[in-house]
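Every number here is computed from the coordinates shown, using simple stated rules; none is lab data. Because the structure is predicted, anything quoted here is derived from the model rather than measured. Glycine gets a Cβ as well: all are built from the backbone with ideal geometry, and neighbour counts include every protein chain shown.
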């Protein structure tokens, strides 16, 4: 990962990464306690205290863990997004933000006690060696990959390695009831941040971005270029549930929609130094209709794009109020392989508004405000969103926007009912996916002859599969009115099938048929709706 690069780090995830820090320092034991506490800086006090405990305390103590607790408490006093990344977490975090890793190129489940391949990465190392969905990987070189005590980290550690290195895999193929070995050469495997893209209508493209990593802008440009060749003259950019990432990547993406010279954002540090970021002449989608989807889990870099477009009167922001993170962090190495991501500035949208929600009452209160939105009713009604007149700003065309606690969309779309959200959660948390894997594992040949087109247009989830899912869920203590939402569940089951058979693009395309925000975009894109919106009239379909 590139060091000292400004970025916006994920919101809720960031709290879970604050795990510890190492503080070193040599101690001169000839010093008296009086000298220690009167002539040295505060940081020397901490260093010396740790050394006293390390060398003189009567019992053996893990001083690293003491420092972990101490430094986490220090960081908690700053803001919710200044976090520590310990040495053992750096590789995983770096891979996620870089956008690739070196491995064998499979998606897998630790199914029961065996590594089961869900899907191989197209043209990846395993794909090229003929490994298929449903295969069980039993061994990697001389290491067994089955057993109840084998954790995900252990599995990944055995499958990863140096680029170009070879791993000998022992594979069981259930469909043919045979065991075989294959040598797979490890290579760079992408971690896609452009999750899905396809044509929503004849001229409307759809791109879903799940985070802002180093590779995101390149992925976005490739997707947009391909969709434009298919006739895209409009774009729906889906940033729902996107927790953020690199600041620079968000700037690049915003630049695609803004004319040269337009302000994207500006940052201000503790010394009052202001850094303004303007659009360049590189934009490839300027002066074209764009809709940006956001929700209560869209944060930081997602909010930069939404705010930049909204404040420049470009496009339409659709959805619900975003998370509200307006702080910028910089990663700083600590010399032992660990790092701290420290908030170094605030960012402001082009009209000058900060969308950072308050954290003056501590981290617990900060994250509680996230759940308070549900109880206050603001996820159901736009009228329940509390705004302050003191944080009112006006765009060049006279549209009123507000700072403080997120981006309020131009067009509000309420959250679904509890049952509707439950169906969505079954998909997003993998419940449907796990059921579908078991279903395919029993009867994969049934789908082997279907093309993507045939599956989308002709395949229907029948009552037998639906009833199997109901039984599966009830046996695992999931309770809801399945039959009331039968059509929705069947569509989600079809989407889950599509993902494992064909990939995330088809999964997203099938789900779009019942996506309320996407359906709202299609309504807004009608000529009569555009005329009403231009006149400032409320649209009630």
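So here's what we get for this one:
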read-out: Separation of alpha-carbon centers, the range 156-235 and the range 424-450, rounded to whole Å; value: 19
read-out: Residues 226, 95, sorted so that the one with the fewest Cβ neighbours within 10 Å comes first; value: 226, 95
read-out: FRET efficiency estimate (nearest 0.05) - Cβ-Cβ, residue 183 to residue 259, R0 41 angstrom; value: 0.15
read-out: P(r) weight above 15 Å for the range 100-190, C-alpha pairs, percent; value: 54
read-out: Percentage relative contact order, the chain, counting C-alpha pairs under 8 Å, at least six apart; value: 13
read-out: Shape parameters for the chain, alpha-carbon atoms, Rg then Dmax in Å; value: 25.9, 83
read-out: Packing-based exposure ordering (other Cβ within 10 Å, fewest first) of 474, 294; value: 474, 294
read-out: Using a Förster distance of 25 Å, the FRET efficiency for residue 369-residue 109 (Cβ separation, nearest 0.05); value: 0.10
read-out: Separation of alpha-carbon centers, the range 472-520 and the range 54-112, rounded to whole Å; value: 35
read-out: Contour excess over end-to-end distance, with Cα ends at residue 484 and residue 90 and 0.36 nm allotted per residue; value: 137.2 nm
read-out: Cβ-derived FRET efficiency at R0 41 Å, residue 389 paired with residue 421, nearest 0.05; value: 0.80
read-out: Contact order normalised by residue count of the range 194-412, Cα under 8 Å, 6+ apart, percent; value: 17
read-out: Fewest-first ranking of 467, 486, 424, 162, using other Cβ atoms within 10 Å as the exposure measure; value: 162, 467, 486, 424
read-out: Paramagnetic reach from residue 332 in the range 78-110 [backbone N under 19 Å; point 7 Å along Cα→Cβ]; value: 78-87, 90
read-out: Share, in percent, of DSSP beta bridges within the chain that are antiparallel, nearest 5; value: 80
